[in-house]
1. Check 9, 17 and return the single one that is under 12 Å from the mean Cα position of the chain (by Cα), closer than 26 Å to residue 189 by Cα and in a loop (DSSP other than H, G, I, E, B).
2. If you go through segment 67-111, how many residues are without any contact (Cβ under 8 Å) to a residue 40 or more places away in the chain, outside any loop (DSSP other than H, G, I, E, B) and more than 10 Å from the ligand (Cβ to nearest atom)?
3. Could you please let me know if residue 55 is in contact (Cβ under 8 Å) with a residue 12 or more places away in the chain, within 15 Å of residue 10 (Cα to Cα) and over 13 Å from the mean Cα position of the chain (by Cα)?
4. Note down all Cβ pairs under 7 Å where the first residue falls in segment 135-147 and is more than 16 Å from residue 61 (Cα to Cα) and free of Cβ contacts under 8 Å to residues at least 12 places away in the same chain, the second is within 16 Å of the ligand (Cβ to nearest atom) and in a helix (DSSP H, G or I), and they're at least six residues apart or on different chains.
5. Out of segment 176-191, which residues are surrounded by fewer than 19 Cβ atoms within 10 Å (Cβ to Cβ), outside any loop (DSSP other than H, G, I, E, B) and in contact (Cβ under 8 Å) with a residue 40 or more places away in the chain?
6. Can you pull out every residue in segment 88-124 that is more than 18 Å from the chain's Cα centre (by Cα) and within 22 Å of residue 42 (Cβ to Cβ)?
7. Just checking, how many residues over segment 25-50 are under 11 Å from residue 6 (Cβ atoms) and touching a residue at least 12 places away in the same chain (Cβ under 8 Å)?
Ligand SMILES: Cc1cc2nc3c(=O)[nH]c(=O)nc-3n(C[C@H](O)[C@H](O)[C@H](O)COP(=O)(O)O)c2cc1C
């Protein structure tokens, strides 16, 4: 089976989207042909579109932007919609992994609905989505074994999705928050923002400056 893993983060390899896709890839790589792509470049090249539309399954992994999907991903979805309308034959099943900065995975439900609506319009079958909270932490703990510690809850959701991908099955969306207390996640996020703003030559009070 041919599976496209499409990373929709502009941060490419240094992104939570990439960490999540690599976890999924480790579950699928045996006996399947895996195609890995980024969609944050200006648009998909003709060659990429041909490759993607020849796949049996598409998996999008991307960050939540303003409660929705990033605009570059929207552009790539429009391209794919055109490519599918020009191509006869069976359409793939689509799966989506959305991660966000807030703690609660349920923040991603509208973004998953957008992918589901796109499937309805463009022809593929919507398989399943996972909404994940605490995306910043996933990147920080990328070196932790997949099924251990705070990564375990994410691992189990991805494992469920991997089985559905292999079976071509559709299932209800899953929502997961980090396996880490909410107050500790908030404290470490605030520490990170204070550090980042100083590194960028501004003051902590600038974090609350109104534009
Ligand atoms: C322009 C922009 C908009 C964002 N909007 C949201 C949002 O609405 N809700 C949220 O929880 N996180 C939001 N975030 C945070 C990202 O979803 C979060 O940092 C994510 O983990 C980044 O994933 P990546 O490393 O795969 O790019 C936003 C980030 C950016 C840059």
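1. 9
2. 9
3. No, not satisfied.
4. 141/150; 141/151; 144/151
5. 182, 186, 188, 189 - these are the residues of segment 176-191 that are surrounded by fewer than 19 Cβ atoms within 10 Å (Cβ to Cβ), outside any loop (DSSP other than H, G, I, E, B) and in contact (Cβ under 8 Å) with a residue 40 or more places away in the chain.
6. Within segment 88-124, 122 is the sole residue that qualifies.
7. 7
Only the coordinates and a few stated rules stand behind these numbers; no lab work does. Here the structure is a predicted model, which is why all the values come from computation and not from measurement. Don't worry about glycine lacking a Cβ; one is built from the backbone with ideal geometry, like all the others, and counts go over all protein chains shown.
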